[in-house]
1. Looking at the chain, send over the antiparallel percent of its DSSP beta bridges, to the nearest 5.
2. Taking the chain as a Gaussian network, Cα atoms linked when under 10 Å apart, which of PRO14, PRO47, PRO101 shows the biggest mean-square fluctuation?
3. Would you please name the chymotrypsin sites (Phe, Trp or Tyr not before Pro) within segment 81-114 that are DSSP coil residues with at most 15 other C-beta atoms within 10 Å of their C-beta?
4. Can you send over the carbon and sulfur percentage of the accessible area for the chain, probe radius 1.4 Å, protein chains only?
Amino acid sequence: QVQIVESGGGLVQPGGSLRLSCTARGTIFTGSSMAWYRQAPGNAREPVATISSGGTTNYTDAVKGRYTIYRDNAKRSVYLQMNSLKPDDTAVYYCNRQHFPKLPWGQGTQVIVSS
């Protein structure tokens, strides 16, 4: 059974950092482009960072220069290093394939940026 598990979220003050982790169980995504998404209250889920199978990365303008996505295929994991966090970064963060077909969505990990 395919399962995505995200972790690493929490409460952090503005300017702080967090590292999110995503592990895919029951599937191999070595050849897949992966992405981190986030969903803020009342908003649709949106991609914030993508990484190709070869390691090419892209970021939405809102996080460019502050977030870094990377992957470890041997561990079936994708990570998101988030620095200089802002209150607008508050959201539930998910990872999944960048393209269709998506894997079943995990429960996500909550990030709250607040003083």
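The values are calculated or read from the model by the stated rules, or taken from the named source; none is laboratory data. What you are looking at is a predicted structure, and each value in this text was computed from that prediction instead of being measured. Neighbour counts run over all protein chains shown; Cβ positions are idealised from the backbone, glycine included. In case anyone asks, the SASA skips ligands and DNA or RNA and just uses the protein heavy atoms, side chains included. Shrake-Rupley method; radii C 1.70, N 1.55, O 1.52, S 1.80 Å.
1. Of the beta bridges lying entirely in the chain, close to 90 percent run antiparallel.
2. In the Gaussian network model the winner is PRO101.
3. TRP105
4. Of all accessible area on the chain, carbon and sulfur atoms account for 47 percent.
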